[in-house]
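Structure first, then comments.
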């Protein structure tokens, strides 16, 4: 079915395949944006912590930044998915408002509350209310290219911020890794293309289709990859998926595998692995997968590819993105529209609270 090229033009009305194939181009553009943005407003500020306010596809860029710089960030960074902000936010907090549309109500609410606390503000968006607020307040911002679903703009929500962190001294020089990762993604996209029969992303989607994917990863670096894969399955394929982390799931969730009932037949565990996973975490994955097999559930293991950490993280993100796309095709769902979210936003406008 996935080798029937006519099916793609019939189902993929929004052109998601093209966005996936061209995703690597966001890296070069992101670097240019990061190098051009004016950061003079940061001069003289003592920043003790960072808060990124965002939702959905816009927040994932922050998740990725936090995970990728796990060993480097000299100060704590938190991702805030809410209308409200934590109590620690004050004049020594860098608060980044991230909203692709610029109109995400939770992000704007938390951004304005951070302003009231005297935080140092920074915005990243295509426009909308967020950029309007930034302009009116004289706050520095990154204006990124528009016209994409937020989840398809991960390069724009991540690379420019990474570049800003490099320039501010919160991260080492990652420019070469960014370039090599873009090159890797370009080459791998050609292998995952709809025109390539039975490619790895198609095979993965075929194994998952009709089941509930349970996506597991290590906590360090790759927690965001599981979150991303789950979200892509949700939005592209319009299917449920679940993600969890090791070693944490060994302290609670694993016990719940005793009583699978009939739905156990519909589960498909997917383990995301990397060569730098903590050895004890890797061993825990092996033990956990053995337990699952004894219960009649066969796991899938996916190993990251590439040399640098950035390459390896994005290799799994890209595989998950393409697999979610092929799941949508198998379900005969146009991957691009998210009508239920549009409906929810319309109903929220009716609420005056």
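The values are calculated or read from the model by the stated rules, or taken from the named source; none is laboratory data. Here the structure is a predicted model, which is why all the values come from computation and not from measurement. Virtual Cβ from ideal backbone geometry, glycine too; neighbours counted across all protein chains shown.
Okay, here's what the table says:
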item	result
Lone qualifier among 167, 183, 188 - being surrounded by fewer than 19 Cβ atoms within 10 Å (Cβ to Cβ) and touching a helix residue (DSSP H, G or I) at 6+ places or on another chain (Cβ under 8 Å)	167
Residue match in segment 281-303 (condition: in the same structural domain as residue 214 (by TED's automatic domain parsing) and within 19 Å of the chain's Cα centre (by Cα))	yes
Identity of the residue in segment 1-22, at pLDDT 95 or above and part of a loop (DSSP other than H, G, I, E, B), that ends up farthest from residue 141 (Cα to Cα)	2
Filtered residue count, segment 266-280, keeping only those that are outside any loop (DSSP other than H, G, I, E, B), over 13 Å from residue 226 (Cβ atoms) and touching a residue at least 12 places away in the same chain (Cβ under 8 Å)	4
Filter result for the condition that a residue is part of a loop (DSSP other than H, G, I, E, B), under 19 Å from residue 31 (Cα atoms) and touching a helix residue (DSSP H, G or I) at 6+ places or on another chain (Cβ under 8 Å), over 148, 142, 154	148
Filter result (in contact (Cβ under 8 Å) with a residue 40 or more places away in the chain, in contact with a helix residue (DSSP H, G or I) (Cβ under 8 Å, 6 or more places away or on another chain) and either assigned to a helix (DSSP H, G or I) or crowded, with 23+ Cβ neighbours inside 10 Å (or both)) within segment 99-120	99, 100, 104, 105, 107, 111
Given (1) more than 30 Å from residue 6 (Cα to Cα); (2) out of contact with any strand residue (DSSP E or B) (no Cβ under 6 Å at 6 or more places or on another chain); (3) assigned by TED's automatic domain parsing to the domain that holds residue 243, number of the condition residue 314 does not satisfy	(1)
Candidate set: segment 287-299, residues that are in contact with a strand residue (DSSP E or B) (Cβ under 9 Å, 6 or more places away or on another chain) and part of a helix (DSSP H, G or I); chosen: the one surrounded by the fewest Cβ atoms within 10 Å (Cβ to Cβ)	289
Output for segment 23-51, where each listed residue is touching a helix residue (DSSP H, G or I) at 6+ places or on another chain (Cβ under 8 Å), part of a loop (DSSP other than H, G, I, E, B) and surrounded by fewer than 16 Cβ atoms within 10 Å (Cβ to Cβ)	39
Search result, residues across segment 216-238 that are closer than 17 Å to residue 315 by Cβ, part of a loop (DSSP other than H, G, I, E, B) and touching a strand residue (DSSP E or B) at 6+ places or on another chain (Cβ under 8 Å)	222
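This table checks each residue for (1) in contact with a strand residue (DSSP E or B) (Cβ under 7 Å, 6 or more places away or on another chain); (2) under 30 Å from residue 286 (Cα atoms); (3) modelled with pLDDT of 95 or more.
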site	(1), (2), (3)
180	no, no, yes
188	no, yes, yes
200	no, yes, yes
203	no, yes, yes
211	yes, yes, yes
